[in-house]
Amino acid sequence: MPTYNLRGINVDFPYEAYDCQLVYMEKVIQALQTKSNALLESPTGTGKTLCLLCATLAWRKSLGGFSRGRSERSSQLSSQDPDESSRESQSSKLPTIIYTSRTHSQLRQVIQELKSTNYRPKMVVLGSREQLCIHEKVRSLHGKAQTNACHALCKKRKKHYCAHFSRVSEFLRSNPGLGDEPVDIEDLVNIGRSCGPCPYYLSRELHKVVDILFTPYNYLIDRGYRKTLNIEWQNSVLIFDEAHNLEGLCADAASFDLPSSLLSACISEAKSCVDLSISRRDKSNDKSCKPDNFAILRALLLKLEKRIAEVPIDSKELGFTKPGPYIYELLADLNVTTKTATMLIDIIDEAVLLLEEDANISDDGGQKTKGTVCRLESMGDIFKLIFRDNYSHANNYRVHVQEVEGSTLDAFKGKTSRILSWWCFNPGIAMEEFSRFGVRSIVLTSGTLSPMDSFAEELKLEFPIRLENPHVITENQIWAGVVPAGPSGYAFNSSYRSRDSLEYKQELGNAIVNFARIVPNGLLVFFPSYYLLDQCIGCWKTMGHTNLSNSSTIWERICKHKLPVVEPRQSSLFPMSIEDYMTKLKDKSASGAVFFAVCRGKVSEGLDFADHAGRAVVITGIPFATRTDPKVRLKREYLDEHAQLQQLGQKNSQALTGEEWYSQQASRAVNQAVGRVIRHRHDYGAIIFCDERFSNSNRQSQMSLWMQPHVKCYSKFGDVVFTLTRFFRDGGICGPTKLELTRNSCQGNVESSQPLDKLHSDKLLTTDTSCTVVSVSSPKKRGTSLSHLTEVVPANRSSLTSHKLNIGLKLSSNANLLSHLSTNMQCSFKDAVGSTNYDLSGTKSGQCIAPCSLKKPRLVITGHEQTESFEKSDEPSCSRENSHATSYSTGFLKNEKLQWFNDRSKQNAQDSRRLLESEVKVKIMTSTSIDPKDKEKNSASTASNDEERKGSAFLIQVQEKLTDAEYKEFVSFMKALKSKAMKIGHVLESIARLFSLPDRLPLLHGFKDYIPAKYHSMYDHHVQANQNVAGL
């Protein structure tokens, strides 16, 4: 394992690090050494998480050993050896690393990365009861109902005491090494089921003594949950991975919405508390029950309901808005002040406890083990939020009351109800708390933090250390372009002025038809909103192409190339849509699948569309938030006010304005969606911006820095089709310009039978790579033996489906010409580009190689020698052919066995071409009724040497211009003609479609020479129709 010395710290890294990885780790160590905050952006696929772990743990290890073998704090272990106690006391003073990410599935991946390193700190991951509870009845509950049921069972005086909870302390004493090796949530659950202790409380106890703690970042942002943790914040290191959503989450955690339905439920619960306390006092003479307190609570809530209803709302769109401190004026009218708020919160806590006890006692006095959700608990949280900081942050808030239509799920169905909101517009409030705790460094990192200035300004923290890392890919692995207009020249602009027009939707649909045809395998299409997604799909399902008489709808034409999946609005349906997309990707009846989704949706975040799962992403517009949304409008006003104040105080100040924030939020959402493709070093894909506004230099400056050099603006749609087609043709064949031995073992694909809730969200879309594939590295790293190549994983998992190689096939009779031709052409094509899915080390001359599974990924070889060999290998001369095969072999592998394969497969290709050139015209002629004179004329022409050379040259062009899959399709059309399985009209239409791209126009016109004159007009019709669709 390589070791790198960065700023005096020896960092063990599992692999040979890229330059950008070394820079990233150096920035992390610099932040930790200088006690500074850092803002670090590194694209997906650059090993960001692994670098972050190795750099942080190497720095921590340099300060002292890890706390291995401990299950309790040293202060609690009085019987220890003095030296041991001294060592643990010193260890407990060392910084604790708190590593947070957005979701548990992302943390699961982080822990997998930790397992691949040499570092073994004491660690644990925190999870929710829904993930960790193993109690048969409690685990079936959700949310606060589950929490309340758990609390009830963990009280020792209860008859139905939780046996799992009681075993936690004893298990930790008996197993002090728990956490010395990386453990995930699933590992903790397995320990609980096999040994008995509660996994939830096991993690809660273990987190007190760890070197590194893994947790979702909402556990820390939420003040109530954070208080339940026992973390030594002083001098600790706080890491927020995938932090691009952090500002929004911080603001939401400091805000609240109080709808009328919730307030009504609280009033009803307060009434129930009055009745319960009276009943208990009468039955048991229990003087602790004070119904008067609950009556006061109910009366106060009724007054609050009335007060909200009396708020004057002149405009339903604008609502009622006041500065943040107005909330205290409103509550003061109800006699709720800082002095009385504490008493009110205590009454609410008593009411919640009373309702829980009543819900958990059955009629016969036994335990129900039933969880209840108390709405009053939410009301208590609201009062705690309002009075927590003694008015100090009220100016960062706005009070807003709005009228909304009642939901179908509450009592206000069909009626107008009101929502009282107190919105925080300064996300830095939550982050400032960590600074007050004495946190050493706060490191924020993600693949999409740009634009960084606004991000830092929003969080109100100083970030002296910043990094915008480049990508590890080369320029031939990415196609990024702005498409300002569609096939017919109508401008793409998804703003409200044009998005509802029929012309825009039709133009966008026709463009996506083209992209679905060109892009192999998985295609992702992101819309700015669900509204526009629904409008476009609805239009496409009813609209055809105006230039075609027998036109199918746009939706049908898309489905002809890709099987569609649409992102659902309901979160509960999302796992099913992912499973559907996975299934359709594997469907061999189509050339892939297309996922229609929205920016800021679930598809745009957290999922890994690596390799064939996402070969291209289409951004159909800029996802601006709704300007008239009250929260958006007030946020913009808040920023403009503060920018003006800041500029008055500091003349050179560059404060963030409302318009800048509004624009940059949309850009960050675009960057996040774009990040779904190109997920690792050897991946490749296209990024297509279908909106003319992306041509603006200011808009492009807000894209991620790594992407900006690759973005090109195209004036014509035909140029987009041409360059995009060439990119995938070359990308699918050539791959990266410099290959290395892939570092990790093959990743298995997700089986559909596995429960989706147990899957890693960023692994849902990986391919099956269970087969053995040969890789070829550069001569310096290759060594002299090829035996090791069978263990190498593919670096570029293209899903072009012609992976079956059968080099040892002998030429058969003319009756089997076409089936043999197809096989040999595949072999020649695959060999020419260096895609070798077989073991070369032990193969003898003439031995037949077993074909590989279609699911296996491809590995390709690149370089200018390869292209030269491919182009020249098609020449008829055998001596020239052997010479080029030798050059190809020497330039890449210098291996006699590979040279034999090259010579053999190229000779087979030559034989096939000579046979095909005499068949091309025959297939057309014999499958249709042709005049005998025409037959004689064409027969004579076929016999001539000039025509033979012409046919041979034409077939060489066909093979060069078409992809492997398309060439196979071309051969199948010829076969169908011979067997009369298809009508000539259908064949001509299909071949015209194959040849209709700009770089294939010579084929389009050249093929006409092989068609009888009586069918020329039919062929011309199909040519014109396809060119209209492509916008040529």
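Below, the figures for the structure above:
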{"quantity": "Given (1) under 30 Å from Y638 (Cα atoms); (2) in contact with a helix residue (DSSP H, G or I) (Cβ under 6 Å, 6 or more places away or on another chain), index of the condition S277 fails", "calculated": "(1)"}
{"quantity": "Enumeration of residues in segment 64-104 that are at pLDDT 85 or above and loosely packed, with under 14 Cβ neighbours inside 10 Å", "calculated": "G65"}
{"quantity": "Enumeration of residues in segment 560-599 that are of a type in the set (K, R) and surrounded by fewer than 21 Cβ atoms within 10 Å (Cβ to Cβ)", "calculated": "K560, R569, K584, K586, K588"}
{"quantity": "Qualifying position, being surrounded by 23 or more Cβ atoms within 10 Å (Cβ to Cβ) and among the hydroxyl-bearing types (S, T, Y), among S498, S488, S494", "calculated": "S494"}
{"quantity": "Test: residue in segment 187-197 that is closer than 26 Å to N245 by Cβ and open to solvent by less than 20 Å² (accessible area, probe 1.4 Å)", "calculated": "no"}
{"quantity": "Single residue of S194, S203 found to be assigned to a helix (DSSP H, G or I), farther than 30 Å from Y15 by Cβ, of a type in the set (S, T, Y) and free of Cβ contacts under 8 Å to residues at least 24 places away in the same chain", "calculated": "S194"}
{"quantity": "Pick from segment 320-379, criterion touching a helix residue (DSSP H, G or I) at 6+ places or on another chain (Cβ under 9 Å) and on the phi > 0 side of the Ramachandran plot, ranking: modelled with the lowest pLDDT", "calculated": "T369"}
{"quantity": "Criterion (aliphatic (A, V, I, L, M) and either surrounded by fewer than 19 Cβ atoms within 10 Å (Cβ to Cβ) or outside any helix (DSSP H, G or I) (or both)) met by exactly one of A265, A295, A251", "calculated": "A295"}
{"quantity": "So N521, is it surrounded by fewer than 22 Cβ atoms within 10 Å (Cβ to Cβ) and at pLDDT 90 or above", "calculated": "no"}
{"quantity": "Criterion: under 26 Å from the mean Cα position of the chain (by Cα) and modelled with pLDDT under 90 - qualifying residue of R699, R693, R729", "calculated": "R729"}
{"quantity": "Neighbours by Cβ (under 7 Å, 6+ apart or cross-chain): first from segment 303-332, in contact (Cβ under 8 Å) with a residue 60 or more places away in the chain; second hydroxyl-bearing (S, T, Y) and surrounded by fewer than 18 Cβ atoms within 10 Å (Cβ to Cβ)", "calculated": "E317/T628; P325/Y391; Y328/Y391"}
{"quantity": "Search result, residues across segment 489-514 that are under 20 Å from N696 (Cα atoms) and assigned to a loop (DSSP other than H, G, I, E, B)", "calculated": "G489, Y490, F492, N493, S494, S495, Y496, R497, S498, R499"}
{"quantity": "Whichever residue in segment 434-461 is among the acidic types (D, E) and out of contact with any helix residue (DSSP H, G or I) (no Cβ under 8 Å at 6 or more places or on another chain) and, among such residues, is nearest to P43 (Cα to Cα)", "calculated": "D453"}
{"quantity": "Extreme residue, most open to solvent (accessible area, probe 1.4 Å), among residues of segment 210-243 that are among the hydroxyl-bearing types (S, T, Y) and assigned to a loop (DSSP other than H, G, I, E, B)", "calculated": "T228"}
{"quantity": "Considering residues of segment 470-487 that are among the β-branched types (V, I, T) and modelled with pLDDT under 90 only, the residue nearest to C20 (Cα to Cα)", "calculated": "V472"}
{"quantity": "Filter result (open to solvent by 10 Å² or more (accessible area, probe 1.4 Å), modelled with pLDDT of 85 or more and assigned to a helix (DSSP H, G or I)) within segment 105-130", "calculated": "Q106, R108, Q109, Q112, E113, K115, R129"}
{"quantity": "Qualifying residue in segment 669-676 (condition: assigned to a loop (DSSP other than H, G, I, E, B), open to solvent by less than 10 Å² (accessible area, probe 1.4 Å) and β-branched (V, I, T))", "calculated": "no"}
{"quantity": "Single residue of segment 27-59 satisfying the filter (of a type in the set (D, E, K, R) and out of contact with any helix residue (DSSP H, G or I) (no Cβ under 8 Å at 6 or more places or on another chain)) that is surrounded by the fewest Cβ atoms within 10 Å (Cβ to Cβ)", "calculated": "K35"}
{"quantity": "Subset of segment 470-486 [farther than 27 Å from R693 by Cβ and within 22 Å of the chain's Cα centre (by Cα)]", "calculated": "V472, T474"}
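Matching residues to (1) touching a helix residue (DSSP H, G or I) at 6+ places or on another chain (Cβ under 6 Å); (2) at pLDDT below 90; (3) assigned to a helix (DSSP H, G or I); (4) farther than 30 Å from P484 by Cβ:
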| position | (1), (2), (3), (4) |
| --- | --- |
| S589 | no, yes, no, yes |
| V632 | no, no, yes, no |
| K635 | no, no, yes, yes |
| Y638 | no, no, yes, yes |
| Q646 | no, yes, yes, yes |
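Quick grid of which residues meet (1) in a helix (DSSP H, G or I); (2) at pLDDT 80 or above:
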{"site": "A965", "(1), (2)": "yes, no"}
{"site": "V971", "(1), (2)": "yes, yes"}
{"site": "K975", "(1), (2)": "yes, no"}
{"site": "V987", "(1), (2)": "yes, yes"}
{"site": "A992", "(1), (2)": "yes, yes"}
{"site": "S996", "(1), (2)": "no, no"}
{"site": "L1004", "(1), (2)": "yes, yes"}
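Yes or no, residue by residue, for (1) within 28 Å of the chain's Cα centre (by Cα); (2) at pLDDT below 90; (3) open to solvent by 10 Å² or more (accessible area, probe 1.4 Å):
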site	(1), (2), (3)
G428	yes, yes, no
M431	yes, yes, no
F434	no, yes, no
F437	no, yes, yes
R440	no, no, yes
S446	yes, no, no
P451	yes, yes, yes
E457	yes, yes, yes
R466	yes, no, yes
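The values are calculated or read from the model by the stated rules, or taken from the named source; none is laboratory data. None of the values given here were measured: they were computed from a predicted structure. Neighbour counts are summed over all protein chains in view; Cβ atoms, including those assigned to glycine, are modelled from backbone coordinates with ideal geometry. Quick note on the areas: whole protein, heavy atoms, side chains included, nothing else; ligands and nucleic acids left out. Shrake-Rupley method; radii C 1.70, N 1.55, O 1.52, S 1.80 Å.
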